Amino acid sequence: MPQALLEKLAARGIELDEEAIAPALVHASALSERPELPSNERLEFLGDSVLELAVADYLYRTYPEWDEGALSKLRGGVVSRPVLADVGRALDLGEHLVLGRGEEQSGGRGRSSIISAAVEALMGVVFLHKGYETARRLAVDLLAEEIERASQEESEDYKSLLQELGHREYGTVPVYRTMDSEGPEHRKVFTVEAQLGGVQVLGRGRSKKEAEQAAAKRLYIQLVPG
């Protein structure tokens, strides 16, 4: 009985019943023994597309200074099997899966491929029963921490590259200066200027660090074209 899973979703503001959620938990291995059950593979197909769109939507709005290549790389890292498997484990999805005996005995409840597929199927259920906005909100809720970590890791590469460039070519280091902050306290957007070699650019982000990273990327690309 997936009652614990339903409660975890309810805590995130998503009310579903057992009948709605059950198809997302049926692995194809169960069908040989219980052919009356629907496999979650069709829901997995739908949920995968929902996740891709939801994360792309969020990244597009959250990182206005990032180009499409950086956004694609970030989305690909976030909507990946290892990350989704971790999300599924946090929801204890493995405990609620319906598996065939062979898959059960071989450790299927802990298998990343099965758990990540169940997360995608779950997103498909939320989309079908609650609509895109609710599915988007759930995707962001589940993946926000990983998005933040991965975005900082990606951007930090440019801060390091810019610092190395400053030492090598200019005998100095980049200078960052906060120019502006706007919006309510819980949704502030910061604007930071980065300067090196007589060139200044602006970057924006939801924290000063994020804005510095965005500015560093723009400045590095401008100073080292191609």
Notebook entry, point to check: Using beta carbons and a limit of 6 Å, which pairs, at least six apart or on different chains, have the first residue in the stretch 29-40 and more than 16 Å from R109 (Cα to Cα) and the second one hydrophobic (A, V, I, L, M, F, W, C) and loosely packed, with under 10 Cβ neighbours inside 10 Å?
Noted result: none
Check: Within the set of pairs 6 or more residues apart or between chains, which connect a residue that is assigned by TED's automatic domain parsing to the domain that holds A135 and closer than 26 Å to F127 by Cα inside the stretch 54-68 to a residue that is assigned to a helix (DSSP H, G or I) and charged (D, E, K, R) with Cβ atoms less than 7 Å apart?
Finding: A54/R136; V55/R75; A56/R75; D57/R136; L59/R75
Item checked: Every residue from the stretch 17-64 that is surrounded by fewer than 19 Cβ atoms within 10 Å (Cβ to Cβ) and not in a helix (DSSP H, G or I) -> D17, E33, R34, P35, E36, L37, P38, S39, P64
Next item on the list: Test Y158 against the criterion of being part of a strand (DSSP E or B) and either surrounded by 13 or more Cβ atoms within 10 Å (Cβ to Cβ) or basic (K, R) (or both), and give yes or no.
Entry: no
Next item on the list: Scan the stretch 155-190 for residues that are of a type in the set (V, I, T) and either over 28 Å from the mean Cα position of the chain (by Cα) or under 12 Å from A216 (Cα atoms) (or both) and jot them down.
Entry: T172, V173, V175
Note to self: Just to be sure I understand, how many residues within the stretch 1-13 are out of contact with any helix residue (DSSP H, G or I) (no Cβ under 6 Å at 6 or more places or on another chain) and part of a loop (DSSP other than H, G, I, E, B)?
What the structure shows: 2
Next item on the list: Could you please find all residues in the stretch 104-118 being surrounded by 18 or more Cβ atoms within 10 Å (Cβ to Cβ) and either without any contact (Cβ under 8 Å) to a residue 60 or more places away in the chain or over 18 Å from F45 (Cβ atoms) (or both)?
Entry: G108, I115, S116
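For every residue, the table says whether it meets (1) of a type in the set (A, V, I, L, M); (2) under 30 Å from A194 (Cα atoms).
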{"site": "A121", "(1), (2)": "yes, no"}
{"site": "K130", "(1), (2)": "no, no"}
{"site": "A135", "(1), (2)": "yes, no"}
{"site": "A139", "(1), (2)": "yes, no"}
{"site": "K159", "(1), (2)": "no, yes"}
{"site": "E169", "(1), (2)": "no, yes"}
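Conditions tested, residue by residue: (1) part of a helix (DSSP H, G or I); (2) in the same structural domain as L31 (by TED's automatic domain parsing); (3) over 13 Å from D48 (Cα atoms); (4) among the hydroxyl-bearing types (S, T, Y).
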{"site": "G88", "(1), (2), (3), (4)": "yes, yes, yes, no"}
{"site": "G94", "(1), (2), (3), (4)": "yes, yes, yes, no"}
{"site": "G102", "(1), (2), (3), (4)": "yes, yes, yes, no"}
{"site": "S116", "(1), (2), (3), (4)": "yes, yes, no, yes"}
{"site": "E120", "(1), (2), (3), (4)": "yes, yes, no, no"}
{"site": "G124", "(1), (2), (3), (4)": "yes, yes, no, no"}
{"site": "F127", "(1), (2), (3), (4)": "yes, yes, no, no"}
Next item on the list: Give the residue, chosen from R187, R206, that is without any contact (Cβ under 8 Å) to a residue 60 or more places away in the chain and either touching a strand residue (DSSP E or B) at 6+ places or on another chain (Cβ under 9 Å) or surrounded by fewer than 17 Cβ atoms within 10 Å (Cβ to Cβ) (or both).
Entry: R187
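Residues of the stretch 164-184 being part of a helix (DSSP H, G or I) and surrounded by fewer than 16 Cβ atoms within 10 Å (Cβ to Cβ), which ones?
Listed by number, the residues that qualify are E164, H167, R168, E169, Y170.
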Check: Restricting attention to the stretch 185-226, which residues are part of a helix (DSSP H, G or I), of a type in the set (A, V, I, L, M) and farther than 15 Å from D67 by Cα?
Finding: L223
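If you check E133 against the conditions, is it under 24 Å from R12 (Cα atoms) and surrounded by fewer than 17 Cβ atoms within 10 Å (Cβ to Cβ)?
Numbers: under 24 Å from R12 (Cα atoms): yes; surrounded by fewer than 17 Cβ atoms within 10 Å (Cβ to Cβ): yes.
In short, yes.
The values are calculated or read from the model by the stated rules, or taken from the named source; none is laboratory data. Small disclaimer: the values here were computed from a predicted structure and weren't measured. A quick note on method: Cβ atoms are made from the backbone with ideal geometry, for glycine too, and the neighbour counts reach across all protein chains shown.
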